[in-house]
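Here the structure comes first, spelled out in structure tokens, and everything after it is commentary.
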Amino acid sequence: MKKKILFGLLTLLIGFLIGGLTYYSIYERVRIPQRSVHTPPVLSEKVVDTSRAFAEVVEAVSPSVVNISTKKTVRRERPSLFNDPFFDFINPFQEIPRKWKEQSLGSGVIVSDDGYIITNNHVVEQADEIKVTLYDRRTLTGKVVGADPKTDIALVKIDVRGLPTIPWGDAEKLKVGEFVLAIGNPFGLSHTVTMGIVSAVGRADVGIADYEDFIQTDAAINPGNSGGPLVNIHGELIGINTAIFSRSGGYQGIGFAVPSNMVRRVMEQLRKEGKVIRGWLGVTIQDMTPELAQKFGLKTTAGALVSEVFKDSPAHKAGIKRGDVITAYDGRAVTGVSSLRNMVAQSKVGSEVVVTIVREGRSNKLRITIDELPKEFSEVSSALPDERPDDVKALAGITVTELTGAIAKQLGISQSERGVVVLNVEPGSAAQEAGIKKGDVIQEIDRERILGIDDWKKIVSEIEPDEMVVMFINRGGRKFYVALKP
């Protein structure tokens, strides 16, 4: 009997022990979080390959990128009082410096193994001293072979051979969205690399240079990057970093580079001639607007409207007239003023090109022999009247008067010009919204010539009250068309 009781107690004790251990095990698992073992994520081979590709491009291109530092003398004229020797005598300890040295930093890229380097004109402009630091940290003296302010490109030479060079790419094949790398010397931090994409191509009217066809990128470009290369994923030069769009002076995601095709043409001429020789058509042109396109019988705003033809120019000899719309040049479509200017400038002097024009709704082709762009050429100008045509809504708010010799002289235009002069433009009028200003000379309305106030009255009387009007304006010698909507 005792044995049975002892066995029962032992069994009960073992049960309690097992239960306690089980409870403790479960409690501890709940209370103490289990440590999980993290394994590194498995990267896609494509991601790894892309990363390596960028690194290889940078490794291949970097030796051809240089840092450029310049010094130039800045002179400041002192007021006449301070130029007085007597003042210097009585106040010798407060000399105001008349000149000092100014330092600046930029970038460049080697394009030939015998020391030719491309950079921006604004990097080396008026520099007294140019120092070029290579990838291997050698510093050499550079000299400007030639510069072209109209594209902001300059060619610098250093006396050394066997240099690494960058291969040329074709910027015309670039597509929006392609990856690009910008390499340069921002803020003096040598061989800094930034990455981005092509945000836009053919960007013009930015106001940076006379001839614009920029590549826009979001690759970070900062002060000191100017003149450095923009390269594609093949390690080819597709642009020269030139400027940024910024309200703060720093990077804001919009940078501009001169395309490699334009750079190469400029470089070859600078190397051979020391200057850039451009073609010349001999016309003043303006962009089309929807209103002008409607008045000139065009379905689109593509093309460049001829607002002036220079006497004895290639265009004049070929028969181009004011009011013609140039829609194609040498087989290429003209989208606007910038595209035509660039195409003409790139034309070889003496070459013959076919220009397509639209005149009074009909298309025609003319053969033109391109001349060299003159260093300086001027345009002629026009006149003034005294009438206020409030019946025509588009012209309401304009007061004009007859052009006289005295008025022409005051406006600085030729006394042989004819037209009427704007005396006043009312605020909020259609004329003000179209940009008409006091002193503008109106020489045509709807393609009808105005010789004086009588012509003005006659033409205005024939215009319907709600009709849109196109004027031909002469503003200080610059001639252009303006559309006024009622």
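The values are calculated or read from the model by the stated rules, or taken from the named source; none is laboratory data. Please read these numbers as outputs of a predicted model, since none were measured by experiment. Backbone-built Cβ (ideal geometry, glycine too); neighbour counts: all protein chains shown.
Kindly indicate whether PHE214 is of a type in the set (Phe, Trp, Tyr), surrounded by fewer than 20 Cβ atoms within 10 Å (Cβ to Cβ), in the same structural domain as VAL263 (by TED's automatic domain parsing) and in contact with a Pro (Cβ under 9 Å, 6 or more places away or on another chain).
The answer is no for PHE214.
Filter region 355-367 down to residues that are touching a Phe, Trp or Tyr at 6+ places or on another chain (Cβ under 9 Å) and aliphatic (A, V, I, L, M) and give me whichever is modelled with the lowest pLDDT.
Top of the filtered list is VAL358.
Please find, among LEU305, LEU298, LEU340, LEU292, the residue that is outside any helix (DSSP H, G or I) and under 25 Å from VAL206 (Cβ atoms).
Of LEU305, LEU298, LEU340, LEU292, the one residue that is outside any helix (DSSP H, G or I) and under 25 Å from VAL206 (Cβ atoms) is LEU305.
With loosely packed, with under 12 Cβ neighbours inside 10 Å, part of a loop (DSSP other than H, G, I, E, B) and either modelled with pLDDT of 80 or more or not assigned by TED's automatic domain parsing to the domain that holds LYS317 (or both) as the only criterion, which of SER414, SER378 stands out?
SER378
With the requirement that a residue be among the basic types (Lys, Arg) and either at pLDDT below 85 or loosely packed, with under 13 Cβ neighbours inside 10 Å (or both), what does region 459-479 give you?
ARG478
Can you go through LYS317, LYS299 and tell me which one is more than 18 Å from LYS365 (Cα to Cα) and more than 26 Å from the chain's Cα centre (by Cα)?
LYS299
Identify all residues within region 135-179 that are among the small types (Gly, Ala, Ser) and not in a strand (DSSP E or B); write none if there are none.
Correct list: GLY162, GLY169, ALA171, GLY177.
I need the full set of residues from region 288-334 which are among the polar types (S, T, N, Q) and in contact (Cβ under 8 Å) with a residue 60 or more places away in the chain, in order please.
Answer for region 288-334, where residues must be among the polar types (S, T, N, Q) and in contact (Cβ under 8 Å) with a residue 60 or more places away in the chain: THR289, GLN294, SER307.
May I ask you to verify whether ALA333 is at pLDDT 80 or above, crowded, with 16+ Cβ neighbours inside 10 Å, assigned by TED's automatic domain parsing to the domain that holds LEU305 and over 28 Å from ILE459 (Cα atoms)?
Spelling it out, it is not the case that ALA333 is at pLDDT 80 or above, crowded, with 16+ Cβ neighbours inside 10 Å, assigned by TED's automatic domain parsing to the domain that holds LEU305 and over 28 Å from ILE459 (Cα atoms).
For region 308-330, give me each residue that is under 24 Å from ASP213 (Cα atoms) and out of contact with any strand residue (DSSP E or B) (no Cβ under 7 Å at 6 or more places or on another chain).
none
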